[in-house]
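What follows draws every value from the coordinates through simple rules; no lab data is involved. The structure presented is a predicted model; accordingly, all values stated were derived computationally and were not measured. Please note: Cβ atoms are built from the backbone with ideal geometry, for glycine as well, and neighbour counts cover all protein chains shown.
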Amino acid sequence: MTAPLIDPFARAITYLRVSVTDRCDFRCVYCMSENMTFLPKKDLLTLEELDRMCTTFVNMGVEKLRITGGEPLVRRNIMSFFNSMTRHLNSGALKELTLTTNGSQLHRFADDLYAAGVRRVNISLDTLDDEKFAKVTRWGRLKQVLNGIDAAQKAGLRIKINAVALKGFNEPELPKITEWCAERDMDLTWIEVMPMGDIGNEDRLDQYWSLKDVRAEYENHYSVTDLAERTGGPARYVRLEETSQKVGFITPLSHNFCESCNRVRLTCTGELYMCLGQEDMADLRGALRDHPDTEQPLENAIRTAITLKPKGHDFDYSRQAVDGRMSRHMSHTGG
Ligand code: SAM
Ligand code: SF4
């Protein structure tokens with residue numbers, strides 16, 4: 001272990017999100033355009049390089065790793081990477097190994113993920129209607145994801161459903177989605193659409209359904225109590241008395257959560273983003289590839305990057321224009 005990573009605002013960096021691929025088997029309308037150009041394979045970190053990166057971060061105090069993408073489970077041989085991270089769980093250095101997935105491949109991997117030490121997964125699902133699902137994901141099929149959810153629960157994985165709140169789209173399904181999660185003992189979090197990347201013809205201001213309005217909609221159906229509980233991230237929670245259920249709201253655009261931010265994001269090409277909502281990044285791939293026999297240059301590059309972590313982000317929809325827009329896609333940085 002080396003000295004822990006502390007940023008200039010005295011926040012300890014203990015959480016790393018790692019995008020292992022920019023590719024995906026879906027084309028969600030708020031995330032990608034239909035005709036995406038993906039990165040050349042040679043630019044991607046190999047699985048061995050991803051191991052070196054993550055191991056270095058773990059040695060510097062990272063306790064939680066979330067694997068994401070693109071769709072992490074479409075990366076070839078990705079289980080060998082999960083299996084290699086198991087050693088850090090076994091040593092006690094890593095407290096949690098988890099992933100965010102669209103669920104399409106979970107029927108194949110759920111048991112193996114559990115065996116590797118994964119205990120919780122976040123599954124993105126915005127609707128329970130077959131046709132709407134095909135529409136919002138363009139290439140996805142609901143049945144496949146539901147099979148994946150069954151397999152994950154059978155394997156013993158705890159599930160959190162992440163639903164992007166889309167105005168006029170999943171609005172009418174709010175009670176249905178909520179009660180489906182309660183019946184299956186799955187957590188539920190709503191996410192606001194963020195201005196990430198060019199997505200073709202879709203208009204983000206049309207998609208944007210403020211979580212203030214989502215919360216108000218909950219009050220039309222349930223008795224809602226605000227909870228003080230925070231988990232270090234952007235989510236706020238309410239309890240629904242009727243279902244005894246906790247529902248989360250991720251509102252990066254309407255609330256400032258940055259003061260407790262403990263996370264950084266590594267892209268599949270080895271760029272480290274210190275903030276989801278800022279363009280500033282540090283390229284760690286050179287420090288890794290140019291020095292195959294020592295991690296010292298990589299450690300130095302990581303420490304320098306952490307000194308650049310900004311105080312907060314600049315997203316702003318308030319003037320009805322998408323200010324603070326990010327040119328990169330969510331699938332690049334890893335959601
Ligand atoms: N493919 C995996 C999945 O869908 O869960 C992991 C990567 S995906 C980029 C991670 C999360 O980002 C998903 O929950 C997705 O709904 C969310 N997301 C993608 N684009 C977004 C956007 N523009 N605004 C808000 N959330 C977005
Ligand atoms: Fe793929 Fe996830 Fe983006 Fe949908 S949100 S296109 S599943 S990366």
Margin query: Run lengths n ≥ 4 of DSSP H only: what is the helix-derived mean residue ellipticity at 222 nm for the chain, with -39500 (n - 2.57) per run over all residues, to the nearest 500?
Written below: -9000 deg cm²/dmol
Notebook entry, point to check: Sorted by mean Cβ packing within 10 Å, highest first, what order do the peptides 56-64, 239-247 take?
Noted result: 56-64, 239-247
Item checked: Gyration tensor (Cα) of the range 26-87, equivalent ellipsoid semi-axes in angstrom -> 26, 13, 11
Margin query: Place a point 7 Å from the Cα of LYS41 along the Cα-to-Cβ direction; which residues of the range 61-82 have their backbone N under 13 Å from it?
Written below: 75-77
Item checked: Cross-link pairs beyond the 23 Å C-alpha cut-off, checked among LYS132/LYS176; LYS135/LYS167; LYS132/LYS167 -> none
Notebook entry, point to check: If contacts are Cα pairs under 8 angstrom and at least 6 residues apart, what is the relative contact order of the chain in percent?
Noted result: 21 percent
Next item on the list: For ARG141 paired with TYR114, estimate the spin-label separation in nm (one decimal), with each label point 7 Å from Cα along the Cα-to-Cβ line.
Entry: 2.5 nm
Item checked: Between helix 47-59 and the chain: long-axis angle, C-alpha atoms, 0 to 90°, nearest 10 -> 90 degrees
Notebook entry, point to check: Let a ≥ b ≥ c be the square roots of the eigenvalues of the Cα gyration tensor of the range 233-306; is it rounded (a/c under 1.5), or, if not, prolate (a/b larger than b/c) or oblate?
Noted result: prolate
Check: What ratio of Cα Rg to 2.2 N^0.38 Å holds for the range 1-122?
Finding: 1.11
Margin query: Return the Rg/Rh ratio of the range 15-333 with Cα-based radii and a Kirkwood Rh.
Written below: 0.94
Checklist line | On Cα atoms only, tilt of 106-115 relative to the major axis of the chain in degrees | finding: 50 degrees
Next item on the list: Pop out the ³J(HN,Hα) list for the range 68-78 in order, Karplus 6.51 cos²θ - 1.76 cosθ + 1.60 with θ = phi - 60°, rounded to Hz; leave Gly and Pro as x.
Entry: 8, x, x, 9, x, 7, 8, 6, 4, 6, 4
Next item on the list: For GLU271, enumerate residues with amide H under 5 Å from its amide H, sequence gap 5+ or separate chain, H modeled in the peptide plane.
Entry: LEU284
Check: Length gain on complete extension for the stretch LEU128 to GLU229, per 0.36 nm per residue less the alpha carbon to alpha carbon distance?
Finding: 33.5 nm
Next item on the list: Among DSSP beta bridges whose residues both lie in the chain, state the antiparallel percentage, nearest 5.
Entry: 35 percent
Next item on the list: May I ask for the angle, rounded to the nearest 10°, between helix 142-155 and the longest principal axis of the chain, with both axes built from Cα atoms and the value confined to 0 to 90°?
Entry: 60 degrees
